[in-house]
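> Starting off with a structure, shown below.
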Amino acid sequence: MTAHIHTEPYLNHYRTNIMSRLEAIDLLIKTKPSPYDRTEVSDLLGIPRDELDRIAAENSISSITPQSLAVIMKNGSGELCGAFRRELECGLTDTYTPEQISYIYNIDIDDVLNACASMGVCRLHRGLLETLFSTIYI
């Protein structure tokens, strides 16, 4: 059995797979009138187009608006969608426990606890997530 060597900070993954998608969705909402193109939305969410169509049908969504986009995100299988859904489950807050961070971002709890300990915190403000993520290697 080969041991997995963690070489990349979670921060890189977070910026590429979560924040860049959130920023693109924010830009879409702020610069384009709805309804939004389904293929564009599925690409932004990282889910297959047929999954988006299925979620839309199950939730009686005929066109994608900012409001219906949130429903699709809550039900999608993409990494961003999962993090969005888990954050909603935890409650939108400005501070997080290590357990919430582990759950929302699907990071091993021991890695999060060790990172928080190295920073000397037991709750973390949203603005410090990237600092924490820079100390966690995947």
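> Only one residue in 47, 64 is among the aliphatic types (A, V, I, L, M) and out of contact with any Cys (no Cβ under 9 Å at 6 or more places or on another chain). Which one?
Criteria check complete, one pass: 64.
> Test residue 100 against the stated conditions and say whether it is of a type in the set (S, T, N, Q), exposed (fewer than 12 other Cβ atoms within 10 Å of the Cβ), modelled with pLDDT of 95 or more and not in a loop (DSSP other than H, G, I, E, B).
No; evaluated as a whole, the condition is false for this residue.
> Could you tell me whether any residue of region 75-89 is farther than 20 Å from residue 23 by Cβ, open to solvent by 50 Å² or more (accessible area, probe 1.4 Å) and not charged (D, E, K, R)?
Checked against the condition, which is being farther than 20 Å from residue 23 by Cβ, open to solvent by 50 Å² or more (accessible area, probe 1.4 Å) and not charged (D, E, K, R), region 75-89 yields at least one hit.
Residue by residue, here is whether (1) in contact with a strand residue (DSSP E or B) (Cβ under 8 Å, 6 or more places away or on another chain); (2) basic (Lys, Arg); (3) modelled with pLDDT of 95 or more; (4) open to solvent by 40 Å² or more (accessible area, probe 1.4 Å) holds:
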{"position": "3", "(1), (2), (3), (4)": "no, no, no, yes"}
{"position": "6", "(1), (2), (3), (4)": "yes, no, no, yes"}
{"position": "20", "(1), (2), (3), (4)": "no, no, yes, yes"}
{"position": "26", "(1), (2), (3), (4)": "no, no, yes, yes"}
{"position": "48", "(1), (2), (3), (4)": "no, no, yes, yes"}
{"position": "62", "(1), (2), (3), (4)": "no, no, yes, yes"}
{"position": "65", "(1), (2), (3), (4)": "yes, no, yes, no"}
{"position": "69", "(1), (2), (3), (4)": "yes, no, yes, no"}
{"position": "73", "(1), (2), (3), (4)": "no, no, yes, no"}
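> Which of the residues spanning region 112-138 are in contact (Cβ under 8 Å) with a residue 60 or more places away in the chain and open to solvent by less than 80 Å² (accessible area, probe 1.4 Å)?
Answer for region 112-138, where residues must be in contact (Cβ under 8 Å) with a residue 60 or more places away in the chain and open to solvent by less than 80 Å² (accessible area, probe 1.4 Å): 129, 130, 133, 134, 135, 136, 138.
> Sticking with this one: When you look at residue 55, is it within 21 Å of residue 129 (Cβ to Cβ) and open to solvent by less than 70 Å² (accessible area, probe 1.4 Å), yes or no?
Criteria not met by residue 55.
> Now a separate question. Restricting attention to region 13-66, which residues are of a type in the set (Val, Ile, Thr) and without any contact (Cβ under 8 Å) to a residue 24 or more places away in the chain?
Once the filter is applied, which keeps residues that are of a type in the set (Val, Ile, Thr) and without any contact (Cβ under 8 Å) to a residue 24 or more places away in the chain, region 13-66 yields 16, 31, 39, 55, 61.
The values are calculated or read from the model by the stated rules, or taken from the named source; none is laboratory data. Note that the structure is a prediction, hence the values are computed from the model and not measured. Counting neighbours? That spans all protein chains shown, and the Cβs are built from the backbone with ideal geometry, glycine included. Just the protein is used for accessible areas: all its heavy atoms, side chains included, with ligands, DNA and RNA removed. Shrake-Rupley method; radii C 1.70, N 1.55, O 1.52, S 1.80 Å.
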